[in-house]
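Everything on this sheet refers to the single structure shown next.
The values are calculated or read from the model by the stated rules, or taken from the named source; none is laboratory data. Since the model is a prediction, treat every value here as computed from it, not as a measurement. Neighbour counts are summed over all protein chains in view; Cβ atoms, including those assigned to glycine, are modelled from backbone coordinates with ideal geometry. Areas reflect the complete protein model, heavy atoms only, side chains present, ligands, DNA and RNA absent. Shrake-Rupley method; radii C 1.70, N 1.55, O 1.52, S 1.80 Å.
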Amino acid sequence: MVSNLNSRIVRAMIALTLLAFVVVYFGLTAYFFFIYEWLYPEFTDDDMLRTGDIVTLGLLLGVGILSASLLGWVLARRIVDPLKSVAAAARKVANGDFSARASLSKGNFGEASDLVNDFNQMAGRLQRAEAELKYSNSAIAHELRTPLTILRGRLQGLLDGAFFPSPELYGRLINHVDDLSAIVEELRTLALSNAGQLDLQYSSLDIAVEVEAALASLEGHFNAAGITVTRNLCCAGLRADQSRLRQAFVAVLENCCRYAPQRSVHVETGVDEQHVFFRCTDTGPGLPDESRARAFERFWRADDSRGRKSGGSGLGLPIVKAIAQAHGGDAVILPIDEPGLAVEIRLPCQAIPIV
């Protein structure tokens, strides 16, 4: 049976004490019997080790062993206690209790503190990931339930003769199917991004051209929402996935259509010292400071300005952030003085000539 670390450290300290005693004893013996007589010719038998000397050596050996045992036990406790705490917490985490944390007593060495802190941080991330997974599963079920219920109701009505088949009815059913397909594709994009498997097809492009194309594709939506769009699009070349990048731009602009109707939207592109950026600022209701940190969470919506009745799946901004991070950049919400929301996509700055 493998011995525990406590006993092994104590035995090691005792062994070191015995080894030191043996070295000292035999060194002294060699000195007295082989060197001392040559150095001191007047040496007599009366000068040999006496019984008291032997007893003294024995007492010193006993004190050394006891001291080594005590020191080894204290050292072993300081080493083993954090390991036992981490092991106990790890077993709880393995059994599904992600709230388990390792503890650290006073006086432990720095490496033990680093081990406990790193483990607790890992357990905290696992706990947050589990909570997010549970919330996401519930939110996915909720998002899919509504269009599926509507589809089933309409189809049941057609079967029972309650609804008369018409192109308009079939068109609405197709729109519900398209909504389901969009949610599934958004979930797939997020899953690939989280796994680091989001496939990107890089090409040289101008971010201003792509944003202009996204604005053109949503012109009808802006007009229907009564939104006035202003732009300041400066050329900025980079290598990126054209379709994914345009998907991110469209997602940001669609948010403006949903949550800032009858307002104004200002769109900018350009290059700063480190990034190529796309910035979209609207004059809508915006988000309170405490909600901005959650804006990129999946399925999250603010209660007042961004409720489910406004439309959208709650996956738009998370997908924007996932696409930006897949390109080595990020998406952030900028603080602004006026009411509204400013979303910026930052991508690594690259010197790509515009032709």
Surrounded by fewer than 14 Cβ atoms within 10 Å (Cβ to Cβ) and under 27 Å from the mean Cα position of the chain (by Cα): which single residue out of SER203, SER243 fits that description?
SER243
Test: VAL177 is open to solvent by 40 Å² or more (accessible area, probe 1.4 Å) and in a helix (DSSP H, G or I)
yes
Just one of (1) outside any loop (DSSP other than H, G, I, E, B); (2) touching a Cys at 6+ places or on another chain (Cβ under 9 Å); (3) at pLDDT below 90 trips up PHE249, so point out which.
(3)
Of all residues in region 254-293 being in a loop (DSSP other than H, G, I, E, B) and within 29 Å of the chain's Cα centre (by Cα), which is surrounded by the fewest Cβ atoms within 10 Å (Cβ to Cβ)?
GLU273
Which pairs have Cβ atoms under 7 Å, sit 6 or more apart or on different chains, and link a residue in region 117-135 that is hydroxyl-bearing (Ser, Thr, Tyr) to one that is in a helix (DSSP H, G or I)?
none
Selection from region 191-242 of residues that are more than 19 Å from GLY316 (Cα to Cα), assigned to a strand (DSSP E or B) and of a type in the set (Asp, Glu)
ASP206
Selection within region 333-347 - open to solvent by 20 Å² or more (accessible area, probe 1.4 Å) and either modelled with pLDDT under 90 or part of a helix (DSSP H, G or I) (or both):
ILE333, LEU334, PRO335, ILE336, ASP337, GLU338, PRO339
It is to be established whether one or more residues within region 244-256 are more than 15 Å from VAL320 (Cβ to Cβ), touching a Phe, Trp or Tyr at 6+ places or on another chain (Cβ under 9 Å) and in contact (Cβ under 8 Å) with a residue 12 or more places away in the chain.
no
Which one of GLU219, GLU210 is in contact with a Phe, Trp or Tyr (Cβ under 7 Å, 6 or more places away or on another chain) and without any contact (Cβ under 8 Å) to a residue 40 or more places away in the chain?
GLU210
Between residues in region 263-281 that are more than 25 Å from PHE222 (Cα to Cα) and residues that are among the basic types (Lys, Arg) and surrounded by 16 or more Cβ atoms within 10 Å (Cβ to Cβ), which pairs lie under 9 Å by C-beta distance while being six or more apart or on different chains?
ASP272/ARG346; GLN274/ARG346; HIS275/ARG346; VAL276/ARG346
Are any residues in region 230-240 more than 27 Å from the chain's Cα centre (by Cα), touching a residue at least 40 places away in the same chain (Cβ under 8 Å) and open to solvent by 60 Å² or more (accessible area, probe 1.4 Å), and if so, which ones?
CYS235
